[in-house]
Structures are given as structure tokens and as C-alpha cells.
Amino acid sequence: MKETVKFTASMIVVLFAALGFIYMIYQAGYQTAKNEQQPVIVYQVDNAGGVMVGQITDKEIIEGRYTVTAHAYGKFLVTKEQYEAIKVGDPIPDYLKKRGS
């Protein structure tokens with residue numbers, strides 16, 4: 001009886017140690033994945049021959065970069081002055097409609 005209690009207690013200690021080790025490995029992997037930053041992708045628009053119609057639907061500052069969103073066309077990188085001049089609901093400005101904007 002005494003040996004059975006010792007064996008059971010030992011197995012419980014080993015089980016908790018194994019679970020603790022597995023949890024530490026999981027946390028290390030989770031922290032690594034959490035700390036990896038996704039790159040910011042900036043696309044160059046080439047809409048030669050196309051007509052852009054619509055309005056500005058959103059304004060954001062992403063990692064210090066000023067962006068405006070035109071509903072069907074996505075996000076556009078703009079200068080601070082352009083960002084401050086544009087209001088949500090305004091028509092898409094001409095400088096965003098040009099090639100290479």
C-alpha cells in the first residue's frame with residue numbers, strides 16, 4: 001500500500017512536470033509568432049485608361065503612414081497635407097486618379 005502511494009505520487013509529479021514543460025514550449029512558440037511583424041505592403045497603382053469613380057470611405061494612420069481608402073479601389077498612401085485636406089465622403093481627388101499615384 002505504501003509503495004502504491006509513493007508510485008502514484010511520483011507519477012503525478014512527473015505528469016505535472018511534463019505538462020509544465022509542454023506549456024512552456026507552447027508559450028515560447030506563441031510569443032515568437034506574436035512578435036513577428038507583418039510587413040506593410042505598398043502597391044503602386046497603374047490605372048492608365050481607367051476611370052475611377054467613387055468617394056473616400058476611410059482615413060487611417062498605419063505605422064506613421066497616412067492612408068485613405070476609396071471603397072472599390074483600396075488604400076492609397078498620401079502625404080500628411082493631402083491626408084488633412086481629404087474628408088471621408090469626398091470624391092476621389094484627381095491626384096489619386098493619375099497614373100503612378
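The values are calculated or read from the model by the stated rules, or taken from the named source; none is laboratory data. Here the structure is a predicted model, which is why all the values come from computation and not from measurement. Ideal geometry is used to build each Cβ from the backbone, glycine not excepted, and the neighbour counts take in all protein chains shown.
Values as computed for the structure displayed
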quantity	calculated
Test: residue in segment 65-73 that is assigned to a helix (DSSP H, G or I), in contact with a strand residue (DSSP E or B) (Cβ under 6 Å, 6 or more places away or on another chain) and aromatic (Phe, Trp, Tyr)	no
Flag if Gln31 is within 15 Å of Tyr95 (Cβ to Cβ) and either modelled with pLDDT under 90 or small (Gly, Ala, Ser) (or both)	no
Sole residue being in the same structural domain as Pro91 (by TED's automatic domain parsing) and modelled with pLDDT under 90, chosen from Asp58, Asp46	Asp46
Among (1) under 17 Å from the mean Cα position of the chain (by Cα); (2) in contact (Cβ under 8 Å) with a residue 24 or more places away in the chain - the single one Lys75 does not satisfy	(2)
